[in-house]
Every structure is written in C-alpha cells, then in structure tokens.
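Input: a single structure, listed below in structure tokens.
The values are calculated or read from the model by the stated rules, or taken from the named source; none is laboratory data. The structure displayed is predicted, hence computed values, not measured ones. We place every Cβ from the backbone using ideal geometry, glycine too, and count neighbours over all the protein chains shown. Just so you know, the surface numbers come from the protein's heavy atoms only, side chains and all, with ligands and any DNA or RNA stripped out. Shrake-Rupley method; radii C 1.70, N 1.55, O 1.52, S 1.80 Å.
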Amino acid sequence: MLFNTATRTKEEFKPIRKNSVLLYSCGPTVYDHAHIGNLRSYLVPDLIRRLLLRSGYTVKHTINVTDFGHLTDDGDDGEDKIMKGMRREGYEITLENMRSFAEPYIASFRKDLADFGNLEPTDLTRASDYVAEQIKIIETLIEKGYAYEASDGVYFDVGKFPSYGVLGNVDIEQLRAGARVEVNPEKRHPADFALWKNASLGWKSRFGIGFPGWHIECTAMAFATLGKQIDIHTGGEDLMYTHHNGEIAQAESVTGKQYVRYWLHNAFVTVSDDRMAKSKGTGIRLEDLAARGFSPTDYRYWLLTSHYRSPVNFTFEALEAAHQALTRLKRFVYIDCADVRASYPHEKYEHAFLKTISDDLDTPKALAVLWELMKDQTVTKEQKLATLHTYDAILSLGLCDTVTEGQAALGHLETKTAPEEVQKLLAEREKTRAAKNWLRADQLRDEIEAHGYTIDDTPSGPRLSRTASDA
C-alpha cells in the first residue's frame, strides 16, 4: 500500500508492467552541497526500491540534478541559484563554466547518497545534457496548442489543461482572483508557467537564446530515461503544488496518457520547528554530524523512527538516542554474534516486518517489530541474526557487513594494536576475572577507560574499542 498524493488515499501498488517498475525522484539543484534535510527525499525512494526488489521486481530509478535554471522562489521569476553560486565562487558566467561549477557538487551528492546507505540510481541525469529533448517537448506543446510564445519566452497555458492542480488540490481560479499584479502582462493566466526563458546567455532554439523552464527538465529526463508513463514519482512536499503539477500538465498534454500512477511526497526535516535550509544557515551536512561523532547510518536510523509523511524536528539529543539504539544493534550483530552463523529468518517476525514496511513504508512500526524480536528470548541468536539481515536488506543500517567491518565501525580493534600499557592492564584484568576478583577487575576497567578505551566482554574474550572522542 502506498499513499498516493494525487488521490489522497492509500492504494494497493499495481505496476504498469508486470515485473518491472519505473521510479523517478526529483534531485537537487547543484549550487551547493546537500544538507541532511534533503536526504529524506532520497530515503523514501530507496526504501521503495529495496522493498520492490525484495518482492521480485526489477526497478529502474532515475534521479535528476538541476545544473541550471532553478529559480530561487520555484516560480517563473527570481535569482538563479546556479548563477548565484557561480558568483559566490568567482566564476565567469558561461555555459561551459556552469558545468564545471556543478561537478564537485554532483560528486558530493553521489558520495552523500552512498554514505547514507542508498543504492546507486540507475540514472543520475544532468538537466544540461537533455536540453534538446526539452526543446522538442516545448515545440510539441506549441504545436498542440498547450503553449504560447511571449516576448520573454514560452509559457504553458493552464487554461487548456482542465485538471491542472490535482496535486495539493490547487484551485487556479483562486490564483487568478488573488493575483493583484501580473508579473508578466502577456501571461494569459497567473498560473501559466515558463517552458522557456529568453536570455542573453543560453542555448539556441527557435524561440531564441535562453534556458528551458524548471518544470520541463524533469518531464524530459523522465521521458528519456524511463518512458512516457512511469509507476512512481517521489519528491519533497513543497514540489507538489507547482513543480509536479507542471510536470503532469506538460507530460499528459504531449502524450494524452496518465504520466505517473503513484505520487509520493515526504514532509520536511525542521530545525527549531523551522524548515532546514542552506539559505537560512541551518543546512547541516553529513560531515557536520561526523565531526560530532555520528555516522550517516545514525541519521538514517533517526529518520526511520518517524513516518516519511510526518514533519520531524532535528535535534542532536534525538540523534544521540538513535546512535545509542543503532549501536546496541551493531553490538549484538558484531560482538555478541561475532562467532555465530546466521540460520534462517524467524517466520513470524519476518512476516510482521514486511507487513508493516509494506503499509506505506511505516518504518516506526517496522522498527518496533525489530525491537520486539531483539527482546524475544525464545528466538535463538542464529535466527535473530538471520532475521536482522532480512530487515537490513530494506533498512540499510549496516547490519550485513562482515564482522571485521562491523567491529571497525564500532571502533573495535585488535588488542595488539592498543598501547602496551593498555594491553598489560587488559591482561591483568583477565587474570583478576578468572580469580573472580570482581572489585579489582572493575578498577582495571576504569583504568583502561581512562586511557580512552572501552571493553566488551564476549564469549570469545574481551574486545577493545576506542571511545567516541578518540575514535
């Protein structure tokens, strides 16, 4: 079941094609690094993709990056973010420099997705690579009577598309009534949006030199990489009202067919109950979390504790709680079960998990099932381990690594790599434990911790790890 924003109801998922699914996700405008709030928009499609793969489907997944023409206010007018970023870094404004300017931010976005635990998209498309396709769609829209030329470019005529505004229940007549001053008197309706904007810089077209509008980019890239009809389209909730309604109008005016079967929109991550944003100075990055001792999977776990359609307020206190919970899981997998061979998933807990995660990605309930499994003393370690592996194939929390990799992530190390003094203290502690001198053993533990190391006592012997501040 998926909550379809277009119908505002949960619907049973039925793909257009029998065994394959086409998935499109709106990506970033690459004028800066992504912040952790942005990553929620890519957690949603990754969970969907992993769940569909688990169900036997093949999945083609496109994420786009906008490397030109994304306006600050998400409308037809405003300051171009790419231009703003180029000026910030001292670039001369040319088409060639736009591509060069975007390169490090595209690489940064790719790295963030990988560090965050996401599968690599089938296609990561750049808007500047699909300008010819965008121009062709605009030409088709003009020929079919859905678009018109003005002195400053080309606009889509929303009056020719009666179902405009299905996402978010937008009433274009209210928009007309509320429009005090037309930004462009040549526009036939205040909601008409730009398909092409003329400029002194840009690409050549029959409409003049300029840039494609923001909305046309995604339609062209979806058509080119996935086809004219796709199963699932995802994005942040702010995109539904203008951007995604624009996509629907363009695509369906060209093809006469339904463009997307299921629309999924995630709510924002806020800071102090205000939307996280780079422009507001609240754009926390994954590397900022790392500087405070948190991993990308700590943040991923924290996101999973809330439903994707619910707003969630970020605090470092909440992230610390997520870190502690995930550390407990990893200690079980990589310390308590270091010498355990996974057997087969527990049928009851596997079924319960899949039932909850399949119900519109209800990750909070899925995590509740996970912890119920962990507390169940009737389930063997072998089965718990196997069941956690099935969960992690969808959640991607780093529970399927090798023991060596998992222990390294926890900060565990071979005793011989610790300082000689710590090794001596550890050896003495083992002797006192064998003699059941628990008081002295506790004193030695304290001395070891004073050197910046912690101890896990496991069936196969003590394991050292560096404390967070020294890791």
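Restrict the check to the range 390-408 and report whether at least one residue is without any contact (Cβ under 8 Å) to a residue 24 or more places away in the chain, open to solvent by 20 Å² or more (accessible area, probe 1.4 Å) and either among the acidic types (Asp, Glu) or under 26 Å from Asn266 (Cα atoms) (or both).
Yes, that holds for at least one residue.
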- Message: Just checking: which of the helices (runs of 4 or more DSSP H) contained wholly in the range 292-366 hold 1 or more residues that are surrounded by fewer than 17 Cβ atoms within 10 Å (Cβ to Cβ)?
- Response: 316-331, 347-357
- Message: Between a residue in the range 193-222 that is over 19 Å from Ser25 (Cβ atoms) and in contact (Cβ under 8 Å) with a residue 24 or more places away in the chain and any residue that is among the β-branched types (Val, Ile, Thr) and buried (at least 24 other Cβ atoms within 10 Å of the Cβ), which pairs come within a Cβ distance under 6 Å, given they are 6 or more apart or on different chains?
- Response: Leu195/Ile138; Leu195/Val154; Leu195/Ile216; Trp196/Ile138; Trp196/Val154; Phe207/Val154
- Note on the structure: Filtering the range 431-457 for residues that are at positive phi and at pLDDT below 80 leaves a count of 1
- Message: Please pick out the residue among Glu428, Glu421 that is assigned to a helix (DSSP H, G or I), out of contact with any Phe, Trp or Tyr (no Cβ under 7 Å at 6 or more places or on another chain), modelled with pLDDT of 80 or more and loosely packed, with under 14 Cβ neighbours inside 10 Å.
- Response: Glu421
- (1) closer than 30 Å to Ser358 by Cα; (2) in contact (Cβ under 8 Å) with a residue 40 or more places away in the chain; (3) outside any loop (DSSP other than H, G, I, E, B); (4) not small (Gly, Ala, Ser): which one isn't true of Leu52, the others all being true? (2)
- What number of residues within the range 146-159 are open to solvent by less than 30 Å² (accessible area, probe 1.4 Å) and either without any contact (Cβ under 8 Å) to a residue 24 or more places away in the chain or touching a Lys or Arg at 6+ places or on another chain (Cβ under 9 Å) (or both)? 8
- Note on the structure: Checked Tyr259, Tyr308 against criteria (at pLDDT 90 or above, aromatic (Phe, Trp, Tyr) and over 19 Å from Ser41 (Cβ atoms)); the one match is Tyr259
- Task: Give just the number: which of (1) open to solvent by 20 Å² or more (accessible area, probe 1.4 Å); (2) at pLDDT 80 or above; (3) touching an Asp or Glu at 6+ places or on another chain (Cβ under 8 Å) does Ser460 not satisfy?
- Result: (2)
- Residue list for the range 367-395, restricted to those being within 15 Å of Arg50 (Cβ to Cβ) and part of a loop (DSSP other than H, G, I, E, B): none
- Top-ranked residue in the range 222-248 [being farther than 21 Å from Glu133 by Cβ and in a helix (DSSP H, G or I); ranked as least open to solvent (accessible area, probe 1.4 Å)]: Met240
- Query: If we keep just the residues of the range 196-221 that are among the hydrophobic types (A, V, I, L, M, F, W, C) and surrounded by 24 or more Cβ atoms within 10 Å (Cβ to Cβ), which is modelled with the lowest pLDDT?
  - Reply: Trp214
- Tally time: how many residues in the range 125-139 are open to solvent by 30 Å² or more (accessible area, probe 1.4 Å) and more than 23 Å from Met240 (Cβ to Cβ)? 5
- Task: Within the range 92-147, count every residue that is in a strand (DSSP E or B) and modelled with pLDDT under 95.
- Result: 0
- Note on the structure: Taking the range 366-388 and keeping only residues that are among the small types (Gly, Ala, Ser) and within 12 Å of Leu304 (Cβ to Cβ), one is left with Ala366, Ala368
